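K.L.:
Dropping the structure in here first, questions after.
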Amino acid sequence: MRGLRIGLTGGIGSGKSRAAAAWAALGAHCLDADAVARALTAPGGAAIDALRRAFGPEVLDAEGGLDRAAMRARAFADPAVREQLEALLHPRIGTALKEAMAAAPAGAVQVLEIPLLVEQLARWRPQLDRIVVIDCPVERQIERTMARSGWPRAQVEAVIAQQASRAARLAVADAVIDNASEDPAALDAAVQALWTRWLGPPPPGEGAHAPG
Ligand SMILES: CC(C)(COP(=O)(O)OP(=O)(O)OC[C@H]1O[C@@H](n2cnc3c(N)ncnc32)[C@H](O)[C@@H]1O)[C@@H](O)C(=O)NCCC(=O)NCCS
Ligand SMILES: Nc1ncnc2c1ncn2[C@@H]1O[C@H](COP(=O)(O)OP(=O)(O)OP(=O)(O)O)[C@@H](O)[C@H]1O
């Protein structure tokens, strides 16, 4: 029998990866749509031939993988390019994640980090028992992404402009985790509280606040 399957989403830089790490520390089996996308577009990845056909060799780097900066610049400057990239990658991401979910250890709590869950709700909702939204003000998303990735503000704003609004995400959430605070321990505590609410006390020895 499979365990609870939780979709974790939020805008760029909202804190999804940090929140997923907190779920993992409690014993959840975590899967990441961005990581699947990166594997598909790495040298020799299953999407490389299709990318070359769609966009030409100039979107590939010297190793034959996707040149991410070049693709990012094109995809977020032109919605038609982004839609073409998504049409090519999203069905493959969907298939790979479904296979990974089916291969998860029996009974494990599964947490799926899916940045575009709300934008692709029809694809993901049937796969999930619960949706958790990591929420923070847009300005905080911008600051965090600029600090983490070194992107200029305009680049972060261009990505945010192509994503679902905060309100659209909150409308489909079964639970919202507020990550506005600059104290990451507050995020860990919120994840732990949600685990307790849905699943009971975390297993002994697991979790950010466990002794030892
Ligand atoms: C455009 C690409 C090459 C840029 O790569 P880069 O390494 O710079 O960014 P990375 O993949 O780490 O994504 C960072 C964040 O950008 C945002 N983002 C990525 N793709 C999209 C998109 N199509 N629409 C809106 N936001 C997006 C997400 O918040 C994501 O977490 C890459 O994001 C990509 O291949 N995107 C298409 C696949 C996709 O939709 N991925 C999202 C997972 S479902
Ligand atoms: N509560 C917090 N306090 C301080 N820094 C934080 C907090 N939450 C996240 N961060 C930092 O902000 C940055 C973005 O967080 P994270 O990578 O978890 O976001 P994400 O939603 O997974 O982003 P992306 O959509 O780009 O994958 C990271 O450098 C992370 O360490």
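K.L.:
Quick one: Karplus J couplings for the stretch 194-199, per residue in order, coefficients 6.51, -1.76, 1.60, θ = phi - 60°, nearest Hz, x for Gly and Pro?
P.N.:
5, 4, 4, 5, 8, 10
K.L.:
Pop a pseudo-label 7 angstrom from the Cα along the beta-carbon direction at both Arg130 and Ala154 and give the gap in nm to one decimal.
P.N.:
Taking the two extended label points, one gets 4.3 nm.
K.L.:
A follow-up question, please. Please list 148-154, 61-67 highest first by mean number of surrounding beta-carbon atoms within 10 Å per residue.
P.N.:
61-67, 148-154
K.L.:
So for the stretch 56-212, taking the charge dipole from beta-carbon charges (+1 Lys/Arg, -1 Asp/Glu), which of Ala87, Ser181, Pro126 sits furthest toward the positive end?
P.N.:
Sorting the options by dipole projection puts first Pro126.
K.L.:
Sticking with this structure for a sec: Would you mind getting the accessible area per residue of the chain, heavy atoms of the protein chains only, 1.4 Å probe, in Å²?
P.N.:
Solvent-accessible surface per residue comes out at 48 Å².
K.L.:
Right, something else. Test of understanding: what is the full-extension gain from Asp178 to His90, defined as 0.36 nm times their sequence separation minus their Cα-Cα distance?
P.N.:
Result for the pair: 28.9 nm of gain on full extension.
K.L.:
Moving on to the next point. Could you calculate the contour length gain from Ala106 to Leu170, that is, 0.36 nm times the residue separation minus the distance between their Cα atoms, to one decimal place in nm?
P.N.:
20.0 nm
K.L.:
I would also like to ask the following. Of all DSSP beta bridges in the chain, what percent run antiparallel (nearest 5)?
P.N.:
5
K.L.:
Still on this structure, please answer the following. Can you compute the charge dipole magnitude of the chain about its Cα centre, using +1 on each Lys and Arg Cβ and -1 on each Asp and Glu Cβ, nothing else charged? Give it in debye, rounded to the nearest 20.
P.N.:
It works out to roughly 380 debye.
K.L.:
When the Cα centres of the stretch 150-205 and the stretch 1-67 are compared, how far apart do they sit, in Å?
P.N.:
If we compute the Cα centre of each part, the gap is 18 Å.
K.L.:
A follow-up question, please. I need the phi-derived Karplus couplings for the stretch 37-46: 6.51 cos²θ - 1.76 cosθ + 1.60, θ = phi - 60°, integer Hz, Gly and Pro marked x.
P.N.:
4, 5, 5, 5, 10, 6, x, x, x, 5
K.L.:
May I ask you to give the percent of accessible area on the stretch 68-188 that is carbon plus sulfur, with a probe radius of 1.4 Å?
P.N.:
56
K.L.:
Now, a different point. To the nearest 500 deg cm²/dmol, what mean residue ellipticity at 222 nm is calculated for the chain from DSSP H runs of n ≥ 4 alone, each contributing -39,500 (n - 2.57), summed and divided by the residues?
P.N.:
-15000 deg cm²/dmol, from helical runs alone.
K.L.:
Here is a follow-up. Exactly which GluC sites (Glu not before Pro) in the stretch 138-210 are in a DSSP loop and have at most 16 other Cβ atoms within 10 Å?
P.N.:
Sparse-neighbourhood loop GluC sites (Glu not before Pro): Glu182, Glu206.
K.L.:
Shifting gears a bit: State the extension gain, in nm to one decimal, for the chain segment bounded by Ala69 and Ala161, taking 0.36 nm per residue of separation less the distance between their alpha-carbons.
P.N.:
31.3 nm is the gain from fully extending Ala69 to Ala161.
The values are calculated or read from the model by the stated rules, or taken from the named source; none is laboratory data. Because the structure is predicted, anything quoted here is derived from the model rather than measured. When we count neighbours, we look across all protein chains shown, and the Cβ atoms used for this are built from the backbone with ideal geometry, even at glycine. For accessibility, only protein heavy atoms count, side chains too; no ligands or nucleic acids. Shrake-Rupley method; radii C 1.70, N 1.55, O 1.52, S 1.80 Å.
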